[in-house]
Every structure is written in C-alpha cells, then in structure tokens.
1. Look at region 155-193 and say how many of its residues are crowded, with 16+ Cβ neighbours inside 10 Å and out of contact with any strand residue (DSSP E or B) (no Cβ under 9 Å at 6 or more places or on another chain).
2. Can you find a residue that is basic (K, R), over 22 Å from V86 (Cα atoms) and in a strand (DSSP E or B) anywhere in region 196-215?
3. Out of everything in region 126-146 that is in contact (Cβ under 8 Å) with a residue 24 or more places away in the chain and farther than 18 Å from W205 by Cβ, what residue ends up being surrounded by the most Cβ atoms within 10 Å (Cβ to Cβ)?
4. One residue is enough: does region 99-108 have a residue meeting the conditions part of a loop (DSSP other than H, G, I, E, B), more than 14 Å from S194 (Cα to Cα) and at pLDDT below 95?
5. Based on this model, can you work out whether K133 counts as at pLDDT below 95 and either assigned to a helix (DSSP H, G or I) or among the acidic types (D, E) (or both)?
6. Filter region 98-125 down to residues that are among the hydroxyl-bearing types (S, T, Y) and either within 28 Å of the chain's Cα centre (by Cα) or surrounded by fewer than 15 Cβ atoms within 10 Å (Cβ to Cβ) (or both) and give me whichever is farthest from A189 (Cα to Cα).
7. In region 82-98, which residues are more than 25 Å from G198 (Cα to Cα) and without any contact (Cβ under 8 Å) to a residue 40 or more places away in the chain?
8. Taking V118 as meeting all but one of (1) touching a Lys or Arg at 6+ places or on another chain (Cβ under 6 Å); (2) assigned to a loop (DSSP other than H, G, I, E, B); (3) among the hydrophobic types (A, V, I, L, M, F, W, C), write down the number of the exception.
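The values are calculated or read from the model by the stated rules, or taken from the named source; none is laboratory data. Quantities reported herein were computed from a predicted structural model and do not represent experimental measurements. Methodologically, a virtual Cβ is constructed for each residue, glycine included, from the backbone with ideal geometry; neighbour enumeration extends over all protein chains shown.
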Amino acid sequence: MIRYGEEQAMRMKAMVAAGAIVAVAAAGCGGGAKTHSGGSSHTSGGRPSGQGAGATPVPTESNPPGDIPDNTAYVAFRPSTGLYEVKVPEGWARTVVPTGTSFTDKLNTVRAEVVPAVSAPTAQSARTTEAAKIGAAKMAVVKADTVRRTGGTAIRLVYRFDSAPNPVTGKVVRNEAERYEFFKSGHEAVLTLSGPVGADNVDPWKTISDSFRWLK
C-alpha cells in the first residue's frame with residue numbers, strides 16, 4: 001500500500017517531468033523559426049528589390065530616322081524676288097542654290113525654286129520631261145498626278161532616289177521626294193520635299209505644300 005506522503009511525491013515528480021518535456025518542445029520550435037527567418041533574410045539580400053530575374057527594362061522611345069517632330073514650328077520664307085511665300089521648318093540650315101533656296105535638317109530637305117516656263121506643266125510632262133531633267137541617282141518615278149493646294153492647282157511628281165554617299169561613313173540613303181509644280185504667268189515654282197523612304201512625314205509635307213502662295 002502506497003502511503004499518502006509517497007503518493008504526493010510521485011505526483012510532484014510527474015508534474016516536473018511533464019513540464020520539462022513541454023519546455024524542450026517549445027525550445028525546438030523557437031529554434032526552427034529562427035533558422036527559417038535567417039534563410040529568408042539571406043535570400044532577400046542576394047537580389048535587390050525590383051530586380052527579379054523576369055524584370056523587363058523600360059524601352060527607350062525614339063523616332064524613326066527622318067521623321068520630322070510633331071512640335072516643329074514653321075516660319076514664312078519669301079525670296080528676294082518677292083514672287084511667292086512658303087512656310088519652312090524653323091531652324092533648318094539654309095543654302096542658296098542657283099534657282100532658289102534649300103533648307104536642310106539631318107536627312108530631310110525642302111527646296112524652293114522658280115524657273116521660266118512657256119506653259120503650265122501636266123502630269124505627263126512631269127513624268128517624262130521633268131523627271132529626265134532631275135537626274136537623281138537610281139531614280140524611280142512612283143507617280144505623277146494633279147493635286148489641289150491652298151495656293152492653287154499643282155502637278156505632283158513622287159519619285160525615289162539614292163542620296164549622295166555620307167562623307168564620313170559612306171552610307172547611301174534611299175530617299176523619296178514629292179515635287180510640286182505651281183504655274184503662273186510664265187513662271188513655274190518648284191517645291192521639292194525629300195526624306196528617307198519610310199519616314200512618317202505626310203503631315204509636314206502637307207503643311208509645307210499647302211502654305212505655298214503666289215505674291216505677284
């Protein structure tokens with residue numbers, strides 16, 4: 001028979017043993033959590049935030065070669081003869097040519113000139129006679145037609161040609177030109193707009209060709 005005092009002692013030992021088991025289990029859980037946290041911290045430090053393996057760099061925006069910017073300003077140009085006026089892009093390099101004036105920026109050119117003419121040009125004369133006089137390298141006529149512009153009716157000749165080789169790189173650019181011929185009283189005003197094939201210059205060329213008007 002177990003005495004009352006011995007029974008109390010046995011219960012106390014059992015409680016102490018149980019407490020020891022709980023303490024060990026708790027210590028084991030705490031150690032695992034600490035190890036896991038340390039591993040996560042190491043992984044985060046090895047790869048900067050926002051630089052994941054699948055991150056895509058932001059592309060740089062740029063216009064295709066030859067595109068005239070949409071915010072280009074235009075200024076009126078009048079030759080010394082005072083025969084006509086036409087708007088040209090502001091800031092382009094200006095060069096005097098035998099029959100007129102040329103304005104250039106990078107790969108684009110606006111050329112305005114006046115030549116004597118016995119009669120008004122036609123789409124047919126532009127395609128044959130006028131095209132033969134241009135003499136551009138590897139020239140190919142795209143079309144010849146009659147168009148209406150603010151300054152009056154004009155014959156438009158569209159053609160492609162090779163540029164002169166770049167003096168530094170030797171590179172040759174395939175260009176496209178729109179040549180507008182306006183006629184009045186024995187004078188033919190020729191407005192030639194050219195730039196690289198594929199450049200999106202439809203609106204600028206329309207703005208310039210629409211701005212032409214006779215002053216005399």
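1. Residues meeting the conditions: 0.
2. The first filter runs over region 196-215 and keeps only residues basic (K, R), leaving 206, 213.
Still in the list and also over 22 Å from V86 (Cα atoms): none.
No, every residue in region 196-215 fails to be basic (K, R), over 22 Å from V86 (Cα atoms) and in a strand (DSSP E or B).
3. Ranking the qualifying residues of region 126-146, first place goes to E130.
4. Within region 99-108, the subset part of a loop (DSSP other than H, G, I, E, B) is 99, 106-107.
Then drop every residue that is not more than 14 Å from S194 (Cα to Cα), which leaves 99.
Of the ones still in play, those that are also at pLDDT below 95 are 99.
Yes, region 99-108 contains a residue that is part of a loop (DSSP other than H, G, I, E, B), more than 14 Å from S194 (Cα to Cα) and at pLDDT below 95.
5. Numbers: at pLDDT below 95: yes; either assigned to a helix (DSSP H, G or I) or among the acidic types (D, E) (or both): yes.
When the stated conditions are applied, K133 passes them.
6. Start the filter on region 98-125 by keeping residues that are among the hydroxyl-bearing types (S, T, Y), which leaves 99, 101-102, 104, 109, 119, 122, 125.
Okay, now just the ones that are also either within 28 Å of the chain's Cα centre (by Cα) or surrounded by fewer than 15 Cβ atoms within 10 Å (Cβ to Cβ) (or both), so 99, 102, 104, 109, 119.
Details: T99: 10, S102: 13, T104: 19, T109: 16, S119: 12 Å.
Of everything passing the filter in region 98-125, T104 is farthest from A189 (Cα to Cα).
7. T95, V96, V97, P98, listed by residue number.
8. (1)
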